[in-house]
Amino acid sequence: MTTGGEKSVEELEAEAAAWAVKLDTAPDRAPPGLTEWFARDPKHAGALLRAQAALGLFDPVSDPASDSEEPAADGRKASTWTRWAIAGGGMAALAASLAAVVLTRAPNERYETQIGEVRSVALSDGSSVSIDAKSRIEIAYDATSRDVRILSGKALFHAAHDAQRPFRVIVDNVVITDIGTIFQVADDDPSGDVDVLVTQGAVRVAAPAGQVELTTGQRASFSKLAMHGPPPKPVRMASADIERVLAWRDGQLELDGETLDSAVADINRHSRLQLRVASAALGRQSLYGSFRMDDAAGFARAAALSLGTDAHTDPEGVVIGPRKNDRGR
């Protein structure tokens, strides 16, 4: 058991495997106690899905000589794996085997979201990740480590802590190691920095400029290249500001002084109508307000009005800034 009464990963997956067996045995009705088990912990639903997926690994290839299935007590035909499980020692033994499969499988997967697509993924260790639109990540688990590489974009991680198998998020030369937490990592800032926000718990960030520990409510940006100078100082954020930063999960862009360049990068991940900023100076201007991620044209008009400039279309999308023949007038 883990401290504080929280189940270990092994105990959680073993319970889920037992429920998966019960559901497969009687798929037409929920076994007693399942609803209450779901309500006790939000992790239970994801654990059950993983256990049901692992259950498929135990379905042997059918033997033509034994295709006549025996009827179960309720008149349904018992599945091949059910008969095998009973013969091999019953439900408890199968549950233990399923838990072992879920825990020892080493997923090496890549997830890529398209423009406008936000995706949530349950990982095999009890962790989960919400992936922002137009983002790419790679997952590599083995017996001693759990690594996630962000190739581009943004993701919010809910990491299941395991000191024996550290959960790490890697962005080029920046490595974020979980100390039991929920945190967001973004690699799409126009400055080229890696932005890390911790909403619960703590992480340790190792970057070329040095190592920093962030705790609940802290945020910092780390250069992927800078070898000199002090590491960044964490900034404490209010709860309302954290919710604003995470509004992308609901398709909203909440701005409170962010730059136009940063806002355009966010909008472009969620809209097929792509935006561009006419000049670097304009891109550094601050914006305020609430916008829909999927309304690029509306955002462009509002941003242009706010900054006292123009928004116009060209063959590649919408440009925020004065037209070329208007500049210098």
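The values are calculated or read from the model by the stated rules, or taken from the named source; none is laboratory data. No experiment lies behind these values; they were computed from the predicted model shown. We place every Cβ from the backbone using ideal geometry, glycine too, and count neighbours over all the protein chains shown. Surface accessibility is based on the protein's heavy atoms, side chains included, excluding ligands, DNA and RNA. Shrake-Rupley method; radii C 1.70, N 1.55, O 1.52, S 1.80 Å.
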Using packing as a proxy for protection, rank 229-237, 269-277 so that the peptide with the highest average count of other Cβ atoms within 10 Å comes first. 269-277, 229-237
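As a test of reading the structure, rank HIS312, HIS228, HIS158, HIS44 by solvent-accessible area (1.4 Å probe, protein chains only), most first. Can you show the working numbers first?
Working: HIS312 25, HIS228 165, HIS158 75, HIS44 0 Å².
My answer, sorted largest first, is HIS228, HIS158, HIS312, HIS44.
Which of the peptides 171-184, 285-298 is most tightly packed, and how do the rest follow, judged by the mean count of other Cβ atoms within 10 Å per residue? Let's see the in-between values first.
Values: 171-184: 20.4, 285-298: 16.0.
The densest-packed peptide leads the list: 171-184, 285-298.
Between GLU112 and ALA297, what is the FRET efficiency for a Förster distance of 30 Å, r being their Cβ-Cβ separation, to the nearest 0.05? List each step's numbers first, then the result.
Values: r = 26 Å, r/R0 = 0.86.
The pair GLU112/ALA297 has a calculated efficiency of 0.70.
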Packing rank of 147-157, 215-225, where each peptide gets the mean count of other beta carbons within 10 Å, highest leading: 147-157, 215-225
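Hey, what's region 181-229 come to in accessible area per residue, 1.4 Å probe, Å²?
I get 40 Å² per residue for region 181-229.
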Using a Debye calculation, one point per C-alpha and no hydration shell, please list log10 I(q)/I(0) for region 188-254 at q = 0.13, 0.17, 0.29 Å⁻¹ in order. -0.39, -0.65, -1.27
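Full extension from ASN173 to GLU243: what is 0.36 nm times the residue separation minus their Cα-Cα distance, to one decimal in nm? Mind showing how you got there, number by number?
On the way: separation 70, 0.36 × 70 = 25.20 nm, distance 2.80 nm.
Between ASN173 and GLU243, full extension yields 22.4 nm more.
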FRET efficiency (ARG165, VAL121; Cβ distance; R0 30 Å; to 0.05) is 0.95
Per the rule of 0.36 nm per residue minus the C-alpha distance, extending PHE38 to HIS312 adds in nm 93.5 nm
Expected unfolding gain across LEU273-ALA202 under the 0.36 nm per residue rule, minus the alpha-carbon gap, is 21.8 nm
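If you take every residue apart from LEU225 with its C-beta less than 10 Å away from the C-beta of LEU225, what net charge results, scoring Lys and Arg +1 and Asp and Glu -1? Kindly include the intermediate steps, with their values, before the conclusion.
Numbers: positive: LYS224; negative: ASP172, ASP193.
Net charge in that neighbourhood comes out at -1.
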Simple spin-label estimate for ASP147/ARG284, 7 Å along Cα→Cβ, in nm, reads 3.7
Using a probe radius of 1.4 Å on heavy atoms only, what accessible surface per residue do you get for region 108-147? Whole Å² is fine. 44
Around GLY251, under 12 Å between beta carbons, what's the net of Lys plus Arg minus Asp minus Glu among the other residues? -4
